[in-house]
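All remarks here apply to the structure that follows.
Rule-based calculations on the coordinates, nothing more; no lab input. No experiment lies behind these values; they were computed from the predicted model shown. Positions of Cβ are backbone-derived with ideal geometry, glycine not excepted, and every protein chain shown enters the neighbour counts.
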Ligand code: TYM
């Protein structure tokens, strides 16, 4: 049965293979048999200061990457979050149904705030905006990486709370996590996740990196001194991360990769992994360059926003009705 799917990516630059293997790859698979909405969540990105020209560029970069990895605007709605004002409106309503206690338990907030006494309120309430994104479209499934699990749980809690208090209002969504790509770790420190904002560019492979950069980052990736190829997340997190990346890109199971490389050192595996990544990213980069400055991209975004607005409007009429807000009536 077709399901309503929603997900989003922040336009903060350096979209990397973690974003691809954890999220974007799922987006493409899901669009074949479902009703999908994929958002560029620019309002989320301003929880930390952004230079306006950079942000504009990054929004279009993510949009172009969406198309470049295989999203088809005829099958999926692709749009920019701030083009649909109902995201912010619903976020406010949900904020009034969220608790500071639950928000202060969010590990991403704790990490980003790094224990400072005062933080931008938007950084603190960020997960509620994410809940609004999801609930606004009656989304049933949310394909994301593991790092978003806590936010999805919070979204479910808020939806259930509102439904219990005000009557059936929201669909309670489920997260969808891929086995191999759900948590790609940093190449220089396999104990932390690969991130867009890490200072060391060799900690990640960005989708637009050239082959020389990819080679450099993989060849210098942290492993261990044992020298034998086996999958062991606790003892060999660096090598296991490389095996996960290899498996997610090639479709080959980790077990069969371990068997294939068992006799050799890490160098051979790394060299082959470079080839696998380069051959997967090349067509994406080619497609990206073809469409990044095209009118096709802009029209996909404006058509996506117009259709998303229609769906959002229906939900907001229902929400206003349940909460007793304004003078709009259900059905109008
Ligand atoms: P963002 O922009 O940080 O990341 C986009 C997607 O990539 C996944 N991801 C990873 N997956 C595997 N390994 C990694 N190292 C890795 N790093 C990131 C993320 O889990 C995400 O799926 N809050 C979200 C954006 C958002 C959203 C939403 C997502 C806003 N509203 C509604 C779903 C539904 C975020 O910051 O993702």
Label point 7 Å beyond Cα of residue 314 along Cβ direction - residues of the stretch 142-172 with amide nitrogen under 18 Å:
168-172
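Expected output is a single nm value to one decimal: the length gained when fully extending between residue 113 and residue 298, i.e. 0.36 nm times separation in residues minus the C-alpha distance. What is it?
Numbers: separation 185, 0.36 × 185 = 66.60 nm, distance 3.49 nm.
Once the chain is fully extended between residue 113 and residue 298, it gains 63.1 nm.
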In percent, how large is the relative contact order of the stretch 93-212, given Cα pairs closer than 8 Å and 6 or more residues apart?
21 percent
What is the angle, in °, between the Cα long axis of helix 86-95 and the longest principal axis of the Cα atoms in the chain? Nearest 10 is fine, range 0 to 90.
80 degrees
Largest-first semi-axes in Å of the equivalent ellipsoid built from the Cα gyration tensor of the stretch 8-53 are 24, 13, 7
If I model a spin label as a point 7 Å beyond the Cα along the Cα-Cβ vector, how far apart are those points for residue 3 and residue 55 in nm?
3.3 nm
Mind pulling the angle between the C-alpha long axis of helix 295-323 and the longest principal axis of the chain? Nearest 10 degrees, somewhere in 0 to 90.
50 degrees
For a label point 7 Å from the Cα of residue 255 along Cα→C-beta, name the residues of the stretch 219-243 whose backbone N is under 16 Å from it.
230-232
May I ask you to derive the relative contact order of the chain, considering only C-alpha pairs under 8 Å and at least 6 residues apart, and to give it as an integer percent?
22 percent
Roughly how far apart, in whole Å, are the Cα centres of the stretch 75-140 and the stretch 245-274?
39 Å
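Between residue 201 and residue 161, what FRET efficiency follows from the Cβ-Cβ distance if R0 is 45 Å, with the result rounded to 0.05?
The computed FRET efficiency comes out at 0.60.
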Computed on Cα atoms only, the convex hull of the stretch 170-317 has an orientation-averaged projected area in nm² of 11.9 nm²
Please build a GNM for the chain, connecting alpha carbons under 10 Å apart, and tell me which residue among 246, 99, 137 fluctuates the most.
99
Structure-based [θ]222 nm, the chain - -39500 (n - 2.57) summed over DSSP H runs of at least 4, per residue, nearest 500
-16000 deg cm²/dmol
Strictly greater than 39 Å: what percent of every Cα pair in the chain meets that?
16 percent
